[in-house]
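One structure is given below, encoded as structure tokens.
The values are calculated or read from the model by the stated rules, or taken from the named source; none is laboratory data. Note that the structure is a prediction, hence the values are computed from the model and not measured. Glycine also receives a Cβ, built like all others from the backbone with ideal geometry; neighbour counts cover every protein chain displayed. Note: accessible area is taken over every heavy atom of the protein model, side chains too, but ligands, DNA and RNA are not part of it. Shrake-Rupley method; radii C 1.70, N 1.55, O 1.52, S 1.80 Å.
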Amino acid sequence: MWQRVCYLLALGLLAILPRLALAQGGDDLLSRYKLASGDVISIYVLGEDDLKREKVRLTDAGTIQYAVLGEIRVKGLTAGELEQKITSGLLKAEYLKNPTVTVSIDEYRPFFINGEVYKPGGYPYVPGLTVLKAVSLAGGFKDRASKRNMYVVRDGTPNEARMKVELDSPIYPGDILTVEESFF
């Protein structure tokens with residue numbers, strides 16, 4: 001009987017732990033994804049339809065136009081940081097007294113794959129993408145493809161440094177994946 005009570009109590013606590021962590025500043029549960037050129041976002045302000053911006057693609061400079069605030073540099077910010085930036089801008093402009101801003105990512109910038117795959121090119125990114133899944137999207141490995149010599153250049157990496165990757169390595173928006181040719 002006590003075991004069941006303890007079990008149910010533990011389940012209840014486990015259900016509210018994520019909310020407690022957020023309330024206590026649990027940054028580890030927030031998105032770390034940095035926005036960049038090509039991403040598509042939507043911005044909502046609770047109760048203010050005139051401030052809604054839906055499906056806005058970031059410019060090549062990583063900026064957006066926003067009512068009241070003008071051009072905002074978004075590149076390098078997370079969705080949460082952009083929410084804070086817009087909130088503080090609306091407060092500073094004295095446009096709203098207590099704005100509630102929400103930013104969502106509607107479409108991530110694409111990733112690219114080249115080399116020994118059947119359909120090299122750019123593909124839409126989806127969260128949870130791995131090298132193997134990316135290769136599958138590109139039609140699979142060609143007969144001469146090396147499953148050991150695959151490299152990725154991460155978007156924003158200085159000097160475009162190539163990193164060796166495995167089949168289960170993650171792929172991120174803007175990455176360029178290269179599958180080398182095998183000689184045996």
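Within segment 121-132, can one find any residue that is in contact with a Lys or Arg (Cβ under 9 Å, 6 or more places away or on another chain), open to solvent by less than 40 Å² (accessible area, probe 1.4 Å) and modelled with pLDDT under 95?
Yes, the conditions are met somewhere in segment 121-132.
Modelled with pLDDT under 95, more than 15 Å from the chain's Cα centre (by Cα) and in a loop (DSSP other than H, G, I, E, B) - does that describe any residue in segment 74-93?
yes
Output the residues belonging to segment 64-108 that are open to solvent by less than 30 Å² (accessible area, probe 1.4 Å) and within 26 Å of LEU129 (Cα to Cα).
VAL74, THR78, ALA79, LEU82, VAL103 - these are the residues of segment 64-108 that are open to solvent by less than 30 Å² (accessible area, probe 1.4 Å) and within 26 Å of LEU129 (Cα to Cα).
Got a sec? Which of THR87, THR59 is among the polar types (S, T, N, Q) and in contact with a Pro (Cβ under 9 Å, 6 or more places away or on another chain)?
The conditions single out THR87.
Restricting to segment 146-164, name every residue that is in contact with a strand residue (DSSP E or B) (Cβ under 7 Å, 6 or more places away or on another chain) and either buried (at least 19 other Cβ atoms within 10 Å of the Cβ) or in contact (Cβ under 8 Å) with a residue 60 or more places away in the chain (or both).
Listed by number, the residues that qualify are MET150, VAL152.
Is it true that VAL117 is in contact with a Lys or Arg (Cβ under 7 Å, 6 or more places away or on another chain) and either small (Gly, Ala, Ser) or surrounded by 12 or more Cβ atoms within 10 Å (Cβ to Cβ) (or both)?
So VAL117 fits the description; yes.
Starting from residues that are of a type in the set (Val, Ile, Thr) and open to solvent by less than 30 Å² (accessible area, probe 1.4 Å), keep the ones in segment 43-63 and report whichever is farthest from GLY156 (Cα to Cα).
Residue satisfying both the conditions and the ranking: VAL45.
I need every pair where a residue in segment 54-79 that is over 16 Å from TYR44 (Cβ atoms) has its Cβ under 7 Å from the Cβ of a residue that is among the hydroxyl-bearing types (Ser, Thr, Tyr) and open to solvent by less than 50 Å² (accessible area, probe 1.4 Å), sequence separation at least 6 or different chains.
Pairs found: LEU58/SER37; THR59/SER37; ASP60/SER37; GLY62/SER37; GLU71/THR63; ARG73/THR63; LYS75/SER37; THR78/TYR33.
Of all the residues that make up segment 165-180, how many are modelled with pLDDT of 95 or more and open to solvent by 10 Å² or more (accessible area, probe 1.4 Å)?
So the count comes out to 8.
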